[in-house]
1. Could you list all residues from the stretch A:75-92 that are out of contact with any Ser or Thr (no Cβ under 8 Å at 6 or more places or on another chain), more than 14 Å from every other protein chain (Cβ to nearest Cβ), open to solvent by less than 20 Å² (accessible area, probe 1.4 Å) and over 21 Å from A:Ala30 (Cα atoms)?
2. Which one is modelled with the lowest pLDDT among residues in the stretch A:47-74 that are part of a strand (DSSP E or B) and open to solvent by less than 70 Å² (accessible area, probe 1.4 Å)?
3. Which of the residues belonging to the stretch B:25-50 are within 12 Å of the chain's Cα centre (by Cα), among the polar types (S, T, N, Q) and at the interface with chain A (Cβ under 7 Å from one of its Cβ atoms)?
4. Going through the stretch B:41-74 one residue at a time, which ones are closer than 23 Å to A:Val4 by Cβ and open to solvent by less than 60 Å² (accessible area, probe 1.4 Å)?
5. Looking only at the stretch A:23-46, filter to residues that are part of a strand (DSSP E or B) and open to solvent by 60 Å² or more (accessible area, probe 1.4 Å); which one of those is farthest from B:Phe101 (Cα to Cα)?
6. Across the stretch A:2-16, what is the number of residues that are within 18 Å of A:Phe67 (Cα to Cα), surrounded by 13 or more Cβ atoms within 10 Å (Cβ to Cβ) and among the β-branched types (Val, Ile, Thr)?
7. Looking only at the stretch A:75-107, count every residue that is in a strand (DSSP E or B) and modelled with pLDDT under 90 and tell me the total.
8. In this structure, is A:Leu114 hydrophobic (A, V, I, L, M, F, W, C), touching a residue at least 40 places away in the same chain (Cβ under 8 Å), farther than 19 Å from B:Ala90 by Cβ and assigned to a strand (DSSP E or B)?
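The values are calculated or read from the model by the stated rules, or taken from the named source; none is laboratory data. Quantities reported herein were computed from a predicted structural model and do not represent experimental measurements. All Cβ positions, even for glycine, are placed from backbone atoms using ideal geometry, and neighbour counts span all protein chains on display. Remember, those area values only see protein heavy atoms, side chains included, never the ligands or the DNA or RNA. Shrake-Rupley method; radii C 1.70, N 1.55, O 1.52, S 1.80 Å.
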Amino acid sequence: GAVVSQHPSWVICKSGTSVKIECRSLDFQATTMFWYRQFPKQSLMLMATSNEGSKATYEQGVEKDKFLINHASLTLSTLTVTSAHPEDSSFYICRRDNQSSYNSPLHFGNGTRLTVT
Amino acid sequence: QKEVEQNSGPLSVPEGAIASLNCTYSDRGSQSFFWYRQYSGKSPELIMSIYSNGDKEDGRFTAQLNKASQYVSLLIRDSQPSDSATYLCAVDGGSQGNLIFGKGTKLSVKP
């Protein structure tokens, strides 16, 4: 079964509103969660790395004030897209790092399809 | 900047044939290599990992790694229509847990 639960699986929102995406680690404490964005026919682009109890690390070009990441517990990381615009429409996916073994399989959530109208 | 390169395809093979997917990477210090399969509209799922030079077989899948050539490949034997998907090559990005992904190769297996 799934070890990383991501919700919602899809969301449609109006331009200017905010959307929160949750990613839960079900079987393992996740001190680190990776957030990706994938546009159609493009590869996964790392947006940010969330760390439990500390500030997230954002990749170059990703606006930290627009994409708010909170990792308040060892099982939950959230990504909030603030003041969403149509160009934010994309597939957002979280991935958990397995701290017990650096080389072990790295699990993705099922993704969230965001459509901003 | 660390890069992972893949042919975007599409790669079309007949059912029952061998599909060969290739990937090159720029960081000679990379240690871990992964192949993910991604169906349209779904998140990637891990199908193979490889860490040392040579071949690694798992069922119909064989991953091949050549660190000297900075090359990793995935062979799918007896290809099935259900194997039709985009295959992503991923390489460890240095910092713990981070992965660098290629753009993926779209595979189409024709019945």
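1. A:Asp88
2. So in the stretch A:47-74, the residues part of a strand (DSSP E or B) come out as A:47-51, A:57-58, A:67-70.
Now narrow it down to the ones that are open to solvent by less than 70 Å² (accessible area, probe 1.4 Å): A:47-51, A:58, A:67, A:69.
Values: A:Met47: 94, A:Ala48: 94, A:Thr49: 92, A:Ser50: 91, A:Asn51: 87, A:Tyr58: 95, A:Phe67: 97, A:Ile69: 94.
Taking the candidates together, the pick is A:Asn51.
3. From the stretch B:25-50, those within 12 Å of the chain's Cα centre (by Cα) are B:25, B:33-38, B:44-50; that's our starting set.
Now restrict to residues that are among the polar types (S, T, N, Q): B:38, B:49.
Result: B:Ser49, single match.
4. Here is the first cut: in the stretch B:41-74, the residues closer than 23 Å to A:Val4 by Cβ are B:41-51, B:58, B:61.
Passing the criteria: B:Gly41, B:Ser43, B:Pro44, B:Leu46, B:Ile47, B:Met48, B:Ser49, B:Ile50, B:Phe61.
5. We begin by selecting, within the stretch A:23-46, every residue part of a strand (DSSP E or B); these are A:23-25, A:32-38, A:45-46.
Next cut, open to solvent by 60 Å² or more (accessible area, probe 1.4 Å) only: A:24, A:45.
Values: A:Arg24: 23, A:Met45: 8 Å.
This residue is A:Arg24.
6. The qualifying residues number 1.
7. At the first step, the residues of the stretch A:75-107 found to be in a strand (DSSP E or B) are A:76-81, A:90-96, A:107.
Retained after the next criterion (residues that are modelled with pLDDT under 90): A:96, A:107.
The qualifying residues number 2.
8. Details: hydrophobic (A, V, I, L, M, F, W, C): yes; touching a residue at least 40 places away in the same chain (Cβ under 8 Å): yes; farther than 19 Å from B:Ala90 by Cβ: yes; assigned to a strand (DSSP E or B): yes.
Judged against the criteria, A:Leu114 is a match.
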